[in-house]
Amino acid sequence: MRGSTFLAAIIATALGARAHEMPALRPIPRFAIQADPLTISRGVEGGKPFTVAGARGALLGEQRGEFEAWLYPVKILSRFSITAELANYPVPIDVSAHAAAIEVSPAMTTITYSHAAFTVKQRMFAPRADGDAGAVVLFEIASARPVRLTFRFKPEMLRMWPAPNFGAPNAEWVSEGGGYYVLHTDHPGVSAAVAIPRAEPGILPPYQERPQTYPLELKLSFDPKTDSGLFFPLLISLGGGGQAPGQRLAALNDRIPELYRETEHYYAHFFDTRLAAETPDPEFDRALRWAAIAIDQGQVRLAEETGLVAGYYESGDSARPGYAWFFGRDALWTSYAVNSYGDFALTRQALEFLIRRQRADGKIMHEYSQAAGLVDWNATPYFYAAADSSPLFVMAMEDYVAASGDTGFLRAHWDAVQRAYAFTRAHDSDGDGIYENTEGTGWVESWPPGMPHQEMYLAALDQQSAGAMARLAALMNDSALAASARRTAASVGAALEAEYYDPAAQFYAFSRNADGTLDRTATIYPAVAWWSGRLALAHPDAMLSRWGSSEFSTDWGTRDIGERTPFYDPISYHQGSVWPLFTGWVSLAEYRAGRALSGYAHLMQNAGLTWQQDLGSVTELLSGEFFQPLGRSSSHQVWSSAMVLTPALRGLFGLDWDAPHRTLRLAPALPAGWDRALLHNVPLGGSRIELEFTRERDRLMVRARSASPEVLCLVPRSAPPDQPCGSPAAGTHELALPLPPVEIGLPTRLPLAGSRTAQLKVVGERRSAGRYEVDFEAPGGQEQELTIRLNRPDVRTEGASLAGSRLRLHFPAGDGYRRVSVTFTW
């Protein structure tokens, strides 16, 4: 039972020592909000989420306006909502029911509540400046009459999972500075303060009352004659640090205009040095920009470090806000996108965060909560749960060096790279030379036939990791290690074919058991074999065709297993759902294996998801049966946004970096409808290059321009890798690539929510001298018309009718998907 003396002590600790009287909290004169061309404007859709995320905190909510607020690592409040009472209008108004529009820009998210008598704009931003400000809400009010707004919320004071917590918080109203709530728990060190300038408290039951839970209320009176030029901020601060919470609120109150200007400036200049695309498809260009911004918003400060968290979503009644903590493999898969758009500082931060937590035996961490320092994290099963982070770390280090040319960073962390590689080599219990799942999960965390001994996924990463180690060791002048790693890469590559390929099924097995038998479940996990561009499986054709078909490919992405698998479950986590991550793996594999049409279809599915749920972000996973994210899907998932950028830049544009040799290797596969495309700020070491792609008759001209003369070689990806560049320094460099005689354009659109798969699929592409064959599938009885581009005369067609630039396909009647094969000859 809480006695008055103990209660007084708790409050005194929360308030802290006051060096001087707290200044009054005041509304803020309205400042200009600059328009941003990336702004996404939509009507509000009930149940769809929004995320406003920064390095110190986040607002996670629904488009109707309700949200929870985090100041890391504490959830301060939740269920924030608004009601209104108009003068001489005796009916309470649920303002959330009038949520009408949402506007999402990089710097600010705004929800507009529209009533016949008033408009309230809820403007939210996460400061980009250093400091302890988490996220800020500004209320902009316009009204035909005086109105009294009541802001209600549930106090939470929950430290992030898995930290212990200290019971339901209590609230006390402190009148200084105009008034604010202090939220305190049974622990004197866990407290916060919440205020809106000029607001008064709502229900405050006295101690003598029978216990009952009420929401906290802030009541604000607004007079349109005197208050129309003001912002009313929601101010939130954590206790501690020797400063009274009221003083922290006042300091935040004073800094809001400056914090917003800094945030707006940050995003206005975000692409001054980062890669951006300019193509005939402006929505594609915007999706790429939003993907980079969504990744950037995954940066979170932890004490004096910055790391990449995995994703965000409302926590509900829990203390788990999506995956808003640090994961090894998430950061490493994402780093390929970050290197592609040129934010090398972010990659270095992410890698160093992992290096600081590398286990003594070399293993790279899997998972680290923002509250890990509040528990014995080493004693949990999460820290080093996964096996794939260690080979991915070696691969990611090579990719960073290849794009940045930063061998100094490699040298500084060479010991960490060597230890991670040595860890993979030390764990091969059956002697086949391949790293095994015995050291943690490879990909799947559950598997109905039984957890795998050695996954194809992990084995393919192991081969690429060994190859990466060979090249890194060569850069470090360690010839013995380079030779040993090359031999390992070759032997593992051979084992992938000898041990995993199933000739009868014409597919690569999911996993290999300890007794040498195979789990032959058909999955998309072999797609990671194409990830680095250095490995390609020898017998992929039938497998690629199945990935492109409706067996694996929905109209919104790829399932991880085929729908014919006995344990297929479209709403499971690992047995049939659609992950944009998987879609990105498959898309890049398809581009690199010569299946550009299906690669493009899958890329554009991921790009289209930017506008579908948490606007500007891509969700974690969706149903494998209906176009709908799973209810628990982390709506702003960082690696999902990465899977817009990586297949676009390394697949569609075909970029492959070799900064140590001042070389860009290219294998572009532009859509048939694009005559020209520009990439601004293509990174190559310390340089930023403008890369232009232009069709000129039967050639694609690639021109690289730089502000000053640069040594640069543009070469086809088919050219031998790792060669010195002999080109002299120049301001312009060119590469001419032959265009294929026939190119086909595909429609790219996501279906309506709740739809089943019904769109056209491309399940085969084969090019040879004088011949191009394409296999299509669509529901029986359909007719499809596609655009076609002929880059030479006298092309003949079989299997479809060709009229000018239109190709008409007719699919035979029958249930389910039917196939049509079209052959072009010349």
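The values are calculated or read from the model by the stated rules, or taken from the named source; none is laboratory data. Bear in mind the structure is a predicted one, so any value in this text is a computation, not a measurement. Please note: Cβ atoms are built from the backbone with ideal geometry, for glycine as well, and neighbour counts cover all protein chains shown. Please note that ligands, DNA and RNA were not included when accessible areas were found on the heavy atoms of the full protein model with its side chains. Shrake-Rupley method; radii C 1.70, N 1.55, O 1.52, S 1.80 Å.
Among the residues of the range 249-260, what is the count of those that are farther than 14 Å from A126 by Cα and surrounded by 23 or more Cβ atoms within 10 Å (Cβ to Cβ)?
Applying the first criterion (farther than 14 Å from A126 by Cα) to the range 249-260 yields 249-251, 253-254.
Imposing the further condition that a residue be surrounded by 23 or more Cβ atoms within 10 Å (Cβ to Cβ) reduces the set to 249-250.
Residues in the range 249-260 being farther than 14 Å from A126 by Cα and surrounded by 23 or more Cβ atoms within 10 Å (Cβ to Cβ): 2 in total.
Would you pick out the residues in the range 174-212 that are part of a loop (DSSP other than H, G, I, E, B), open to solvent by less than 10 Å² (accessible area, probe 1.4 Å) and at negative phi?
Matches in the range 174-212: T185, I196, P197, A199.
In the range 316-328, which residue that is open to solvent by 10 Å² or more (accessible area, probe 1.4 Å) and in contact with a strand residue (DSSP E or B) (Cβ under 9 Å, 6 or more places away or on another chain) is nearest to L684 (Cα to Cα)? Write out each step before concluding.
Applying the first criterion (open to solvent by 10 Å² or more (accessible area, probe 1.4 Å)) to the range 316-328 yields 316-320, 322-323, 327.
Subset that is in contact with a strand residue (DSSP E or B) (Cβ under 9 Å, 6 or more places away or on another chain): 316-319, 322-323, 327.
Details: G316: 44, D317: 46, S318: 44, A319: 42, G322: 35, Y323: 32, F327: 27 Å.
Here the answer is F327.
Among the numbered conditions (1) in contact with a Phe, Trp or Tyr (Cβ under 7 Å, 6 or more places away or on another chain); (2) closer than 16 Å to V44 by Cβ, tell me where S96 comes up short.
Tallying (1) in contact with a Phe, Trp or Tyr (Cβ under 7 Å, 6 or more places away or on another chain); (2) closer than 16 Å to V44 by Cβ, S96 fails exactly one: (1).
Residues in the range 618-649 that are buried (at least 24 other Cβ atoms within 10 Å of the Cβ) and among the charged types (D, E, K, R): how many?
So the count comes out to 1.
With the range 63-105 as the region, which strands (runs of 3 or more DSSP E) entirely inside it contain at least 3 residues that are more than 30 Å from P169 (Cα to Cα) and either touching a residue at least 60 places away in the same chain (Cβ under 8 Å) or among the aliphatic types (A, V, I, L, M) (or both)?
Values: elements: 67-71, 74-86, 89-94, 99-104.
Here the list reads 99-104.
How about the range 19-69: which of its residues are of a type in the set (G, A, S) and open to solvent by 40 Å² or more (accessible area, probe 1.4 Å)? Talk me through it step by step, then tell me what you get.
Looking only at the range 19-69, we keep the residues that are of a type in the set (G, A, S), and these are 19, 24, 32, 35, 41, 43, 46-47, 53-55, 57-58, 61, 65, 69.
Scanning the range 19-69 gives A19, A24, A32, A35, S41, G43, G46, G47.
How about the range 673-682: which of its residues are in contact with a strand residue (DSSP E or B) (Cβ under 7 Å, 6 or more places away or on another chain) and open to solvent by 10 Å² or more (accessible area, probe 1.4 Å)?
Residues of the range 673-682 that are in contact with a strand residue (DSSP E or B) (Cβ under 7 Å, 6 or more places away or on another chain), as a first pass: 673, 675-682.
If the condition is that a residue be in contact with a strand residue (DSSP E or B) (Cβ under 7 Å, 6 or more places away or on another chain) and open to solvent by 10 Å² or more (accessible area, probe 1.4 Å), then G673, D675, R676, L678, H680, N681 are the ones that fit.
Please state which one of A669, A659 is surrounded by fewer than 24 Cβ atoms within 10 Å (Cβ to Cβ), touching a residue at least 60 places away in the same chain (Cβ under 8 Å) and more than 27 Å from V742 (Cβ to Cβ).
Working: A669 fails: more than 27 Å from V742 (Cβ to Cβ).
Answer to the check: A659.
Mind checking which residues of the range 512-540 are farther than 15 Å from T558 by Cβ and not in a loop (DSSP other than H, G, I, E, B)?
If the condition is that a residue be farther than 15 Å from T558 by Cβ and not in a loop (DSSP other than H, G, I, E, B), then R512, L518, D519, A529 are the ones that fit.
Considering the range 271-305 alone, what residues qualify as being out of contact with any strand residue (DSSP E or B) (no Cβ under 9 Å at 6 or more places or on another chain) and not acidic (D, E)?
P282, A287, A291, I293, A303
When the residues of the range 106-123 are filtered to those that are open to solvent by less than 50 Å² (accessible area, probe 1.4 Å) and part of a loop (DSSP other than H, G, I, E, B), which remaining residue is nearest to V44 (Cα to Cα)?
Here the answer is H115.
List the number of the failed condition for F353; all other conditions in (1) within 15 Å of the chain's Cα centre (by Cα); (2) open to solvent by less than 10 Å² (accessible area, probe 1.4 Å); (3) within 21 Å of F393 (Cβ to Cβ); (4) of a type outside the set (V, I, T) hold.
Against the list (1) within 15 Å of the chain's Cα centre (by Cα); (2) open to solvent by less than 10 Å² (accessible area, probe 1.4 Å); (3) within 21 Å of F393 (Cβ to Cβ); (4) of a type outside the set (V, I, T), F353 comes up short only on (1).
Collect the residues in the range 806-826 that are open to solvent by less than 70 Å² (accessible area, probe 1.4 Å) and either under 16 Å from L597 (Cβ atoms) or in contact with a Ser or Thr (Cβ under 6 Å, 6 or more places away or on another chain) (or both), keeping them in residue-number order. Steps first, please.
Step one: filter the range 806-826 for residues open to solvent by less than 70 Å² (accessible area, probe 1.4 Å), giving 807, 809, 811-812, 814, 816-817, 820-826.
Matches in the range 806-826: L807, L809, Y817, V820, S821, V822, T823, F824.
Among the residues of the range 739-760 satisfying the criterion of being of a type outside the set (A, V, I, L, M, F, W, C) and in contact with a strand residue (DSSP E or B) (Cβ under 9 Å, 6 or more places away or on another chain), which is most open to solvent (accessible area, probe 1.4 Å)?
Step one: of the range 739-760, the residues of a type outside the set (A, V, I, L, M, F, W, C) are 740-741, 743, 745, 747-749, 751, 754-757, 759.
This time we only want the ones that are in contact with a strand residue (DSSP E or B) (Cβ under 9 Å, 6 or more places away or on another chain), so: 740-741, 743, 745, 747, 757, 759.
Numbers: P740: 38, P741: 32, E743: 17, G745: 12, P747: 72, T757: 32, Q759: 37 Å².
Result: P747.
Could you grab me the full set of residues in the range 700-724 that are aliphatic (A, V, I, L, M) and either in a strand (DSSP E or B) or crowded, with 19+ Cβ neighbours inside 10 Å (or both)? I'd like the intermediate steps shown before the answer.
Filtering the range 700-724 down to residues aliphatic (A, V, I, L, M) leaves 700-702, 704, 707, 711-712, 714-715, 719.
Hits for the range 700-724 are L700, M701, V702, A704, A707, L712, L714, V715.
Applying the selection to the range 283-334, what residues are of a type in the set (V, I, T), part of a helix (DSSP H, G or I) and touching a helix residue (DSSP H, G or I) at 6+ places or on another chain (Cβ under 6 Å)? First the steps, then the outcome.
Step one: list which residues in the range 283-334 are of a type in the set (V, I, T), which gives 293, 295, 300, 306, 309, 334.
Among the residues that remain, those that are also part of a helix (DSSP H, G or I) are: 293, 295, 334.
Answer for the range 283-334, where residues must be of a type in the set (V, I, T), part of a helix (DSSP H, G or I) and touching a helix residue (DSSP H, G or I) at 6+ places or on another chain (Cβ under 6 Å): I295, T334.
Given the criterion in contact (Cβ under 8 Å) with a residue 40 or more places away in the chain, more than 22 Å from R818 (Cβ to Cβ) and among the hydroxyl-bearing types (S, T, Y), identify the matching residue among S577, S550. Please lay out each step first, then the result.
Details: S550 fails: more than 22 Å from R818 (Cβ to Cβ).
Being in contact (Cβ under 8 Å) with a residue 40 or more places away in the chain, more than 22 Å from R818 (Cβ to Cβ) and among the hydroxyl-bearing types (S, T, Y) holds for just one of S577, S550, which is S577.
All but one of (1) open to solvent by less than 50 Å² (accessible area, probe 1.4 Å); (2) touching a strand residue (DSSP E or B) at 6+ places or on another chain (Cβ under 9 Å); (3) over 15 Å from Q63 (Cβ atoms) hold for G131, so report the exception by its number.
Of the numbered conditions (1) open to solvent by less than 50 Å² (accessible area, probe 1.4 Å); (2) touching a strand residue (DSSP E or B) at 6+ places or on another chain (Cβ under 9 Å); (3) over 15 Å from Q63 (Cβ atoms), the odd one out for G131 is (2).
Show the residue pairs meeting these rules: Cβ distance below 8 Å; 6+ apart or different chains; first residue within the range 688-704 and at positive phi; second residue buried (at least 17 other Cβ atoms within 10 Å of the Cβ).
That search, which allows pairs on different chains as well, returns R697/N791.
When residues of the range 541-564 are filtered for being in a loop (DSSP other than H, G, I, E, B) and either surrounded by fewer than 19 Cβ atoms within 10 Å (Cβ to Cβ) or touching a Pro at 6+ places or on another chain (Cβ under 8 Å) (or both), how many remain? Give the steps one after another, and end with the answer.
Within the range 541-564, the subset in a loop (DSSP other than H, G, I, E, B) is 549-552, 554-557, 560, 562-564.
The next check asks that each one be either surrounded by fewer than 19 Cβ atoms within 10 Å (Cβ to Cβ) or touching a Pro at 6+ places or on another chain (Cβ under 8 Å) (or both); those that pass are 555-557, 563-564.
Number of matching residues: 5.
Scan the range 266-282 for residues that are open to solvent by less than 10 Å² (accessible area, probe 1.4 Å) and part of a helix (DSSP H, G or I) and jot them down.
F270
Against the conditions (1) open to solvent by 10 Å² or more (accessible area, probe 1.4 Å); (2) closer than 27 Å to S635 by Cβ; (3) of a type outside the set (S, T, Y), where does A527 fall short? Just the number, please.
Condition (1) is where A527 drops out.
List the number of the failed condition for T263; all other conditions in (1) open to solvent by 20 Å² or more (accessible area, probe 1.4 Å); (2) of a type outside the set (A, V, I, L, M, F, W, C); (3) more than 14 Å from R26 (Cα to Cα) hold.
Of the numbered conditions (1) open to solvent by 20 Å² or more (accessible area, probe 1.4 Å); (2) of a type outside the set (A, V, I, L, M, F, W, C); (3) more than 14 Å from R26 (Cα to Cα), the odd one out for T263 is (1).
Just one of the numbered conditions (1) touching a residue at least 60 places away in the same chain (Cβ under 8 Å); (2) open to solvent by 30 Å² or more (accessible area, probe 1.4 Å); (3) closer than 30 Å to Q628 by Cα is not true of V763; which one?
It is condition (2) that V763 fails.
Filter the range 213-246 down to the residues that are of a type in the set (S, T, N, Q) and either part of a loop (DSSP other than H, G, I, E, B) or surrounded by fewer than 21 Cβ atoms within 10 Å (Cβ to Cβ) (or both) and list them by number.
Here is the first cut: in the range 213-246, the ones of a type in the set (S, T, N, Q) are 213, 221, 226, 228, 237, 243.
If the condition is that a residue be of a type in the set (S, T, N, Q) and either part of a loop (DSSP other than H, G, I, E, B) or surrounded by fewer than 21 Cβ atoms within 10 Å (Cβ to Cβ) (or both), then T213, S221, T226, S228, Q243 are the ones that fit.
Do any strands (runs of 3 or more DSSP E) entirely within the range 590-699 hold 2 or more residues that are within 24 Å of the chain's Cα centre (by Cα), and if so, which? Step through it out loud before you land on a result.
Working: elements: 655-658, 663-666, 676-684, 687-696.
Result: 655-658, 676-684.
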